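Have a look at the structure below, then the notes.
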Amino acid sequence: MTARTHSRSPARAIRSRIGGIVRGVRRRRFERRLAAPKLLRTFAEHNPDAFFIEIGANDGDQHDHLRRFILSRSWSGVMVEPVPYIFERLRRNYAGLDRIRFENAAIGERDGRAPFYYLVDAPPEERAQLPDWYDGTGSFSKDVVLGHARHMPDIADRLVCEEVPALTFDSLCRKHGVGRLDLIVIDTEGYDYELIRHIDLDRWRPQLLVYEHYHLAAGDRRACRELVRDHGFLILEEGFDTFCLGDRADARLKDFFTRLRPAVAGVSVHDELP
């Protein structure tokens, strides 16, 4: 008796490869429809030397809005990430780029230290089996992190709670000598509204503010939109994120923004709950 193997036939291998190509083409077509990349590309054209602060930068690569512009433009800024092992990847990903500064801290209501929840680092052989958002779930809220349990049943076993350095937004800016601020990007797994509430938008007047609304409760999501609108921002929601254009932006950029239409509606984690 000959042993059976699990190798695919040439025909199946070809069909699989064609299927992957088709899915890739569809994904690229969809991505070309998205408003977010168009907005950021146009913002970059009008601001080749932009200064930014990114809070919740992760490793500065996966699912990151800014990397292509940081590498292709003369942008400078501060990237903030509280989780130690992710922070080390962030520094490696921008090694030698002296335009970028790094802060291994959480941004909150006060300076000091604060408990922060995240998932333990996974060995390389396990990475391929984990969701690509695995190490992007760090939060001040334990419940927000554990809220991913329906996608990862053993998440509670992976949970780490650690006190990390904490800074207010103003302390962060003082520490890094920030004077002009063109762009703020916030991705803090449900803390975005609280953080924006403690940023003096009248003082800093960023041209563009991007935050993740996905984990916000409906009331906080609505209140956050109203808050930034009251400070003179135009607003567009797409997918997980809200994009806010300030009154300091160039008139041509404002005109472009008002003509943008999202490819998908804004979504919330609460839409997924039973």
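The values are calculated or read from the model by the stated rules, or taken from the named source; none is laboratory data. Bear in mind the structure is a predicted one, so any value in this text is a computation, not a measurement. All Cβ positions, glycine included, derive from the backbone under ideal geometry; neighbour counts span all protein chains shown.
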Exercise. Can you give me the ranges of the strands (runs of 3 or more DSSP E) entirely in region 186-274 with at least 1 residues that are under 19 Å from Ala57 (Cβ atoms) and either charged (D, E, K, R) or in contact with a Ser or Thr (Cβ under 6 Å, 6 or more places away or on another chain) (or both)?
Key: 208-212, 241-245
Self-check item: Near pairs, Cβ below 9 angstrom, 6+ apart or cross-chain, from region 143-167 (farther than 18 Å from Leu195 by Cα) to any residue that is exposed (fewer than 15 other Cβ atoms within 10 Å of the Cβ) and β-branched (Val, Ile, Thr)
Solution: Asp157/Val120; Arg158/Val120; Leu159/Val120; Val160/Val120
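Going residue by residue through region 125-142, is there one that turns out to be without any contact (Cβ under 8 Å) to a residue 40 or more places away in the chain, surrounded by 16 or more Cβ atoms within 10 Å (Cβ to Cβ), out of contact with any Pro (no Cβ under 6 Å at 6 or more places or on another chain) and part of a loop (DSSP other than H, G, I, E, B)?
No, that holds for no residue.
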Practice problem: Please go through region 239-253 and pick out each residue that is out of contact with any Lys or Arg (no Cβ under 9 Å at 6 or more places or on another chain) and either within 20 Å of Glu212 (Cβ to Cβ) or crowded, with 16+ Cβ neighbours inside 10 Å (or both). | Solution: Gly239, Phe240, Asp241, Phe243, Ala249, Leu253
Quiz item: Does at least one position in region 40-53 carry a residue that is outside any loop (DSSP other than H, G, I, E, B), more than 17 Å from the chain's Cα centre (by Cα) and among the aliphatic types (A, V, I, L, M)?
Solution: yes
Quiz prompt | Unique match (being over 26 Å from Ser268 (Cβ atoms), of a type in the set (Asp, Glu) and without any contact (Cβ under 8 Å) to a residue 60 or more places away in the chain) among Asp192, Asp170, Asp182, Asp220 | solution = Asp170
Exercise. Give region 153-188 a look and list any residue that's of a type outside the set (S, T, N, Q) and under 11 Å from Ala106 (Cβ atoms), or say none.
Key: Glu162, Glu163, Val164, Pro165, Ala166, Leu167, Leu172
Quiz prompt | Any chance Gly108 is crowded, with 20+ Cβ neighbours inside 10 Å and small (Gly, Ala, Ser) | solution = yes
Exercise. Run down Ile155, Ile186 and say which single residue is touching a helix residue (DSSP H, G or I) at 6+ places or on another chain (Cβ under 7 Å) and modelled with pLDDT under 95.
Key: Ile155
Quiz item: Could you say whether any residue in region 119-135 is more than 26 Å from Leu71 (Cα to Cα) and in contact with a strand residue (DSSP E or B) (Cβ under 7 Å, 6 or more places away or on another chain)?
Solution: yes
Self-check item: Checking Phe51 against (1) within 30 Å of Asp170 (Cβ to Cβ); (2) at pLDDT below 95, the condition it does not meet
Solution: (2)
Quiz item: From the list Ile70, Ile86, which one is within 21 Å of Leu159 (Cβ to Cβ), assigned to a helix (DSSP H, G or I), of a type outside the set (Gly, Ala, Ser) and touching a strand residue (DSSP E or B) at 6+ places or on another chain (Cβ under 9 Å)?
Solution: Ile86
